[in-house]
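The values are calculated or read from the model by the stated rules, or taken from the named source; none is laboratory data. Being a predicted model, the structure only gives us computed values, none of them experimental. Because the Cβ atoms are built from the backbone with ideal geometry, glycine has one as well, and the counts that use them run over all protein chains shown. Heavy atoms of the whole protein, side chains included, go into the accessibility calculation; ligands, DNA and RNA do not. Shrake-Rupley method; radii C 1.70, N 1.55, O 1.52, S 1.80 Å.
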Amino acid sequence: MPKLEESAAAIDPAVFDGPDASGHFGPYGGVFVGETLIAAVEELAEVYEKLSADKSFWAEYDSELKHYVGRPSPLYLAERLTNFAGGAKIYLKREDLNHTGAHKVNNTIGQALLAKHMGKTRIIAETGAGQHGVASATVAAKLGLECHVYMGAEDIIRQAPNVYRMKLLGANVVSVESGSRTLKDAMNEALRDWATNVDNTYYIIGTVAGPHPYPMLVRDFQCIIGREAREQSLEQIGKLPDALVACVGGGSNAIGLFHPFLKDESVAMYGVEAGGHGLATGEHAAPLSSGCSPGVLHGNRTYLMSDEAGQVLETHSVSAGLDYPGVGPEHSWLKDMKRVKYVDATDDEAMKAFHQLTRLEGIIPALESSHAVAYAVKLAATMSADKNIVINLSGRGDKDIETVAKIEGIEL
Amino acid sequence: MSRINQIAEKAAAENRKLLIPYLVAGDPNLETTITLMRKLVEEGADVIELGIPFSDPSSDGPVIQRAVERSLAKGTTLHQVLDLVARFRESDTITGIVLMGYLNPIEIMGYKKFAEAASASGVDGVLTVDLPPMEADELNAVMRAHDIDTIFLVAPTTREDRVASITEHCSGYLYYVSLKGVTGAALTDFDSVTANINSLREKTKLPIVIGFGIKDAESAAAMGQLADGVIIGSALVEKIALLADQVEHDADLLSETIKVISEAREALDKLV
């Protein structure tokens, strides 16, 4: 059973101020892309540096989040789940209530504003489960921009409702037939498109990975989650929570929740990776918790699932949104700094948590978020009733009901 | 002086353009690759760029992606590619060999171990497409310590103020990417290539070769006129894709496979 970790030994809080000017979090991150894209990445870094210092940019962003996304999202005390776990109080940060049903839109709104300021007319995005694709297609529709979403051929089959949703929103969904035909290959294809159409195209990366400045700017856009949660905790609990729990695929919802708390030493943090069929089977998507080495993929250095010859491994998770062999570079740094503890929940544990939350609270969680719920329930049981845990409920599970039914042999 | 420097100097003295074919090691198998390498030399290749297969070739178009997939399906590893170069060197100490690929296989092997093995095998240069100069100091230092050239790309999108940092890190030759896009795309904008090459000439004394989009004798000649040499990749790999996965191949069939290189040699030699 997990135990509440003692907070990391006193380290200089400045280590959490990354990235440095060249986009590194310690040894991780950086810019590892072909020469053709360097100018585009540098232009984006320059534009973001300027706009992020501009209050009116953030005012525009905040206004969109309030009126279009529906923020702030509630911090909800899950009483029946708390009783079930039998320990610390469990609060849910309700990102599932956002427009489009997940935290992804916090980022696409921000990046679409960047695209608009840069005068780009064409949006591209990669997607795994389809949530980021839907969130990108949504903002493209709202701003009247052309949108192409790259999606692995395997995922297109697994996530048919989201494919149709993107098409309804006017996006062109491009099936990616190369490699393992999943999220990582979709990202390769998006990078190829970007290199080819670099003059008029903005690439909305969906997670805190990719070349600098993406890990930084996606984090900044997702930090709204943690800032709200921090304020809401102080207001509703009267103090900071004792632990934060979030699922980690690329890691954007987790970094969004964690980052505003990094310098609060009393707050323990748990990033829950996809344990798939179990870490011992090798069939998982858990580069941080399964003992992988750092490598380089999709523009950054980070912990990466690759074999001894350096080939990137195929991953497995019941949840398409966590099915990725790498992870955002800031998470790699937070692992090394021992600020966040990275753990896993298996497919089975996530499925169980999916049903538990649905039945106990009337909230159907995304299978991604179910990983966080699974771990938090175990964690809560090790903590006393005067302690408080905040789970990032990063998305709602409507998109997953077909998957769940299929796994359980139910015909809809 | 490195082997690539010697080759470039000799070519310049003879007024001869460098011809650099690219093929993926292990496509369709390692035996065929070494046979093709020898044959390419017979047809006038000065340097061979040998692709290290990688699972996520995000700068490559469909032709090279499929070649990489064929090679990986055979289980080709970086170690095997280095062994292949060592075997090639047993009978050829003149032709330049440049390994071209992505960083992760090198990162996982370890820079030092890779540099030692590459040097022992007779590799002359390394081009890591997803390693830009600002991230390259560590690998460069190790490669240079083993007398291996580090080749970098300049693209049409490269800003003028970055060229100096690229040429500082670059040795052997400078690789000019002729177009915005991935390998194997169609080259359409000759004028911008001319302007960019002329501007590069003012900034570096390195030999400049042009790659991406050169697919036949005509485009080889057009680009050869501007530069010190040309690289032909996808147009060759497309033909290699037609070879059966067997060790022995009909000699005429192999000549047909690499015809684009023979024809490019002929066209380049007519330039001077």
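A few notes on this one:
- Taking every protein chain into account, the accessible area of the protein assembly as shown amounts to 36 square angstrom per residue (probe 1.4 Å).
- Between the residues B:Ala241, B:Pro207, B:Ser219, the greatest Cα displacement towards the positive end of the dipole of segment B:3-266, with unit charges on the Cβ of Lys, Arg, Asp and Glu, is found for B:Pro207.
- Protein accessible surface hidden between A and B, which excludes ligands and nucleic acids, total in Å², probe 1.4 Å: 2900
- Gained length - A:Thr281 relative to A:Asp12, 0.36 nm times residue gap less alpha-carbon distance: 93.1 nm
- Dividing the C-alpha radius of gyration of chain B by 2.2 N^0.38 Å, with N its residue count, gives 0.92.
- In order along segment A:21-27, the phi-based Karplus estimate (6.51 cos²θ - 1.76 cosθ + 1.60, θ = phi - 60°) of 3J(HN,Hα) comes to 4, 9, x, 9, 9, x, x Hz; Gly and Pro are listed as x.
- Cβ-based net charge around A:Asn300, under 11 Å, with every Lys or Arg adding one and every Asp or Glu removing one: -2
- If the Kirkwood radius is taken over C-alpha pairs of segment B:155-213, then at 25 °C and 0.890 mPa s the Stokes-Einstein diffusion coefficient equals 207 µm²/s.
- Sites matching GluC sites (Glu not before Pro) across segment A:304-392 that sit in DSSP coil, with at most 14 neighbouring C-beta atoms within 10 Å: A:Glu308
- This model, with +1 at the C-beta of Lys and Arg and -1 at the C-beta of Asp and Glu, gives the protein assembly as shown a dipole about its Cα centre of some 1500 debye.
- Measuring nothing but how far apart in sequence close Cα pairs (under 8 Å, 6+ apart) lie, relative to its length, segment B:122-169 scores a relative contact order of 45 percent.
- Restricting attention to the protein assembly as shown, close to 20% of DSSP beta bridges with both partner residues there are antiparallel.
- In units of the compact-protein estimate 2.2 N^0.38 Å, the protein assembly as shown shows a Cα radius of gyration of 1.00.
- Of the solvent-accessible surface of the protein assembly as shown, computed with a 1.4 Å probe over protein heavy atoms with every protein chain present, carbon and sulfur atoms account for 51 percent.
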